[in-house]
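Undergrad: Here you go, one structure.
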Amino acid sequence: MEKKLTPEEARKRIEELRQQIIYHEKKYYVDNDPQISDYEFDQLMAELKRLEEAFPEFITPDSPTQRIGEQPVEGFPTIEHRWPMLSIENCYDVDGLREFDERIKKLLPDEKIEYVAELKIDGVSMSIRYNGGKYQQAVTRGDGFRGDDVTAQVKTIRSLPLTISLTEDVEVRGEVYLPYKSFKKINEEREKNGELPFANPRNATAGSIRLLDPREVARRRLDIFLYYIFINGQEMPSQWENLQQLKKLGFKINPHSRLCQNIEEVISYHREWTEKRDSLDYDVDGVVVKVNSTRQRQILGATAKSPRWAIAFKFPARQATTRIKDIIIQVGRTGALTPVAILEPVQISGTTISRCTLHNEEELKRKDIRIGDYVLLERSGDVIPHIVSVMKERRNGQEKPFVWPKKCPICHSTLYKEEDEAISRCLNPSCPARIRESIIHFASRRAMNIEGLGEALVDQLLASGLVKKIPDLYRLRYEDLIQLERMGPKSARNLLDNIEESKSRELWRLIFALGIRHVGEKMAQTLARRYKDLDRLAAASEDDLMQIEGIGPEVAKGIVFFFAQPENRKLLKELKEAGLKFKETEKESSPRPLEGLTFVLTGTLSSMTRDEAKERIEQLGGNVSSSVTSKTDYLVVGEEPGSKLAKARELGVKIINEKEFLSLLGQR
């Protein structure tokens, strides 16, 4: 329960909050250097709003609660909006959404309430006017009452029509955003030029739209979704009809918007997209919920800041602020040293994050990351969390720069670093850390697929001395395994059966399992098809290898280097003696009906997992891509498909269902 404040205490806290919010607004919107997460900023704003409601005598015109958006920046003419572009209140849980629904029902008693649920695009709000059917003007939301004239910049957005079929006075509103692919490319260029990368796609969008040179804006490949239309100042009878009218006129609307009959359907929509949002190629941070009826919206009206008929139901946060407690070094199976930050545990998207990779020594130095620093952490989907920025202004002098080791922290061997590489490596093949990671990789599902041999069991086998290197797996005995903790008779027999079964895996799996640098699954499959014999591959020269499409000097050098090492030749000899298959069978080298075809998968298949489908396609010569392009041959659609389906339709890609897919695989 919050402590009840005296008027003087409230005045001081209100002033403190205002200063913090103004500071963080500038860091986010102007400096592109956010110092706290969006969620933390929203909490500051919510506290200020509560205090001002409790002590209205302290509300001033310049309070952040009385301002709708960021101030227009210098360098662009300022244009007044014909009617305000209000911001939308946020809620973070189902209870908050139900409270919103109850407020609507009280204000509209005995009326049926429909809602339109739209994905909340994390971009820059825009008002665009057409006159006589021609594009006329684009203005940012700004402070809600006036914004920046960015007509020339917005004109570069290819998906925005420059002419429409209506000759009346038309205003459309929407969100300019940056697809992930464009965001990644921009940051790569900035880092190459020695500039700080943008913290997130929204900041990159805001920075791009304010470039004075429209040619530079065009290079950024911005995009836009529209959601409101006013014809001679009037909306359509409903929000759903607004969207349909926009689509009819050739504007790009988000294909995932949904008309909901009640708040329960909205909750279901939010739950669905909480899980599916990472299938999109742009950033969304919640669901905007709007009363559908225009008549009802007019009755509900708005406060000075927000419409009463809409709310943003946010997704769980993907950014958070935390502190680095320590920095340690991990040694991988190739000997690569990776710095890892040990964090004060923090929740992001419902997951507790307590560590994150810092990539390499150069990344550590470039971002000047120190033990004790406060950092802004971000996590997208299943991607490992990463540090967006260091909050250097929160330093107190107690932070310690990390000293890069001169020797391997595990086996104390001298480290090696190639001239053009950012990664230091331990070259000792007997390094315990390398052996552990090599065994885990060797046994993994995409390699030799030894079911039951996970990290915990590998650690037990190494600690007990039963396994010291990969070939020792094939020498394990039942009587040894049964002595291990939590290893029962059935588990021991199953493990030995799975190890025995792995001896007959396809040749490409063995090549991939060896952990040859630069050789992933697809390259392993290419090598297996070309040589059909591991001994022949081991004897190949760099010139031989470079005759294969997709293999350049660096990859060829890495393969030859691997097979030239005495310890690796010994490894192959022992694996061969253990009975592993070194040659591709006639069946495996038979015709490949999907050769050269590219597939994309979306939705859930009932007959197999996504990984199993990928494996079957690749076995038959096909390729699997994560995104739909004009080069995609087939989109395989399962239950509850994502945005890839709309993209495939847009590009004219052939769409097949699960039954048709199984037919292509030769299954009925």
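Undergrad: Could you compute the net charge surrounding Cys426? Neighbours are other residues with a C-beta less than 10 Å from the C-beta of Cys426; K and R count +1, D and E count -1. Please report the intermediate quantities before stating the final value.
TA: Details: positive: Lys407, Arg425, Arg434; negative: none.
Local net charge: +3.
Undergrad: Once you sort the root eigenvalues of the Cα gyration tensor of the chain as a ≥ b ≥ c, which label holds: rounded (a/c under 1.5), prolate (a/b larger than b/c) or oblate (the other case)?
TA: Since a/c reaches 1.5 and a/b is larger than b/c, the shape of the chain is classed as prolate.
Undergrad: Place a label point 7 angstrom from the Cα of Asp281 along the Cα-to-Cβ direction, then list the residues of the range 246-262 whose backbone nitrogen is under 16 Å away.
TA: Zone members listed by number: 252-256.
Undergrad: Shifting gears a bit: Given only helices, namely DSSP H runs of n ≥ 4 each adding -39500 (n - 2.57), what is the per-residue ellipticity at 222 nm of the chain, to the nearest 500 deg cm²/dmol? List each step's numbers first, then the result.
TA: Numbers: 24 runs with 235 residues, N = 668.
One gets -10000 deg cm²/dmol as the mean residue ellipticity at 222 nm.
Undergrad: Moving on to the next point. So if R0 is 30 Å, what FRET efficiency would Thr629 and Glu521 give, r being the distance between their Cβ atoms, rounded to the nearest 0.05? Please list the in-between numbers first.
TA: On the way: r = 21 Å, r/R0 = 0.69.
The pair Thr629/Glu521 has a calculated efficiency of 0.90.
Undergrad: Let me ask something else about it. Percent antiparallel among DSSP beta bridges with both residues in the range 78-314, to the nearest 5? Please list the in-between numbers first.
TA: On the way: 43 of 45 bridges.
Restricted to the range 78-314, the bridges split so that about 95 percent are antiparallel.
Undergrad: Decide, for the range 358-420, between rounded, prolate and oblate: order the square roots of the alpha carbon gyration tensor eigenvalues as a ≥ b ≥ c, take rounded if a/c falls under 1.5, and otherwise choose prolate if a/b is larger than b/c, else oblate. Don't jump to the answer; show the numbers that get you there.
TA: On the way: a/c = 2.26, a/b = 1.40, b/c = 1.61.
Oblate shape, in that a/c is at least 1.5 and b/c is the bigger or equal ratio.
Undergrad: Once you have the Cα-Cα distance between Glu567 and Glu99, take 0.36 nm times their residue separation minus that, and quote the gain in nm to one decimal.
TA: Values: separation 468, 0.36 × 468 = 168.48 nm, distance 6.70 nm.
In short, 161.8 nm is gained.
Undergrad: Right, another one. Set the Förster radius R0 to 35 Å, insert the Cβ-Cβ distance between Lys406 and Ser159 as r into 1/(1 + (r/R0)^6), and round the FRET efficiency to 0.05. Write down the numbers at each step before the final one.
TA: Values: r = 53 Å, r/R0 = 1.53.
The calculated FRET efficiency here is 0.05.
Undergrad: Still on this model: Treat the count of other C-beta atoms within 10 Å as a stand-in for reagent exposure and order Asp420, Asp533 from fewest to most.
TA: Numbers: Asp420 6, Asp533 13.
The fewest-first ordering by Cβ neighbours comes to Asp420, Asp533.
Undergrad: Highest mean first, how do 423-436, 625-638, 100-113 rank when packing is the count of other Cβ atoms within 10 Å averaged over residues?
TA: On the way: 423-436: 19.0, 625-638: 16.4, 100-113: 13.7.
Put in order of decreasing packing, that is 423-436, 625-638, 100-113.
Undergrad: So if I take the centroid of the Cα atoms in the range 593-642 and the same for the range 494-568, what is the distance between those two points in Å?
TA: 25
Undergrad: How far apart, in nanometres, would the label points at Glu168 and Asn449 be if each is projected 7 angstrom from Cα along the Cα-to-Cβ direction?
TA: 6.1
Undergrad: Please give the length that would be gained between Asn396 and Arg530 if that part of the chain were fully extended, namely 0.36 nm times their separation in residues minus their C-alpha to C-alpha distance (nm, one decimal).
TA: Values: separation 134, 0.36 × 134 = 48.24 nm, distance 5.97 nm.
So the extension gain works out to 42.3 nm.
Undergrad: Taking a Cβ-Cβ separation under 4.7 Å as the criterion for a possible partner, which cysteines of the chain have none?
TA: Lone cysteines by the Cβ rule: Cys91, Cys260, Cys356.
Undergrad: If you take every DSSP beta bridge whose two residues both sit in the range 598-664, what share of them, in percent to the nearest 5, is antiparallel? Working shown, then result.
TA: Working: 1 of 12 bridges.
Around 10 percent antiparallel, to the nearest 5.
Undergrad: Note down the relative contact order for the chain as a percent, whole number, built from C-alpha pairs under 8 angstrom at least six residues apart.
TA: Numbers: 1116 pairs, mean separation 60.1, N = 668.
Relative contact order for the chain comes out at 9 percent.
Undergrad: Here's another thing I want to ask about it. Using a/c under 1.5 as the rounded threshold, could you call the range 598-664 rounded, prolate or oblate? The axes a ≥ b ≥ c are square roots of the C-alpha gyration tensor eigenvalues, and prolate needs a/b larger than b/c, oblate otherwise.
TA: oblate
Undergrad: Suppose we take every Cα in the range 125-188 and form the convex hull; what volume per residue is that in Å³? Walk me through the intermediate numbers first.
TA: Values: hull volume 6.1 nm³, N = 64.
Expressed per residue, the convex hull around the Cα atoms of the range 125-188 is 96 Å³.
Undergrad: Taking every DSSP beta bridge with both residues inside the chain, roughly what % is antiparallel (nearest 5)? Display every interim value, and only then the final one.
TA: Values: 73 of 86 bridges.
Percentage antiparallel, nearest 5: 85.
Undergrad: Counting Lys +1, Arg +1, Asp -1, Glu -1, what net charge surrounds Val331 among other residues with beta carbon under 13 Å of its beta carbon? Intermediate values should be presented prior to the final figure.
TA: Values: positive: Arg333, Lys407, Arg425, Arg434, Arg436; negative: Glu437.
Charge balance near Val331 sits at +4.
Undergrad: Quick one: net charge around Cys91, please, counting Lys, Arg +1 and Asp, Glu -1 for every other residue with C-beta under 11 Å from its C-beta. Don't skip to the answer; put the middle values down first.
TA: On the way: positive: Arg98, Lys314; negative: Asp42, Glu89, Asp93, Asp95, Glu99, Asp101.
Summing Lys/Arg as +1 and Asp/Glu as -1 gives -4.
Undergrad: For the chain, with only Lys/Arg (+1) and Asp/Glu (-1) charged at the beta-carbon, what is the dipole magnitude about the Cα centre, in debye rounded to 20?
TA: Values: 106 positive and 106 negative charges, 212 e Å.
With Lys and Arg at +1 and Asp and Glu at -1, about 1020 debye.
Undergrad: Still on this structure, I have one more. Among the listed pairs Lys503/Lys570; Lys181/Lys644; Lys4/Lys49; Lys417/Lys468; Lys276/Lys647; Lys276/Lys522, give every one whose C-alpha distance is greater than 20 Å.
TA: Numbers: Lys503/Lys570 18 Å; Lys181/Lys644 15 Å; Lys4/Lys49 16 Å; Lys417/Lys468 27 Å; Lys276/Lys647 16 Å; Lys276/Lys522 27 Å.
Pairs exceeding the cut-off: Lys417/Lys468; Lys276/Lys522.
Undergrad: While we're looking at this one, here's another question. Using a 10 Å cut-off around each Cβ, can you sort Tyr92, Tyr177 from fewest to most neighbouring Cβ atoms?
TA: On the way: Tyr92 18, Tyr177 22.
Taking fewest neighbouring Cβ atoms as first place, the list is Tyr92, Tyr177.
Undergrad: As an exercise, use a Förster radius of 56 Å and the Cβ-Cβ distance of Glu195 and Glu265 to find the FRET efficiency, rounded to the nearest 0.05.
TA: Values: r = 45 Å, r/R0 = 0.81.
It comes to 0.80.
None of the figures in this text is laboratory data; all of them are computed from the coordinates on show. Because the structure is predicted, anything quoted here is derived from the model rather than measured. Virtual Cβ from ideal backbone geometry, glycine too; neighbours counted across all protein chains shown.
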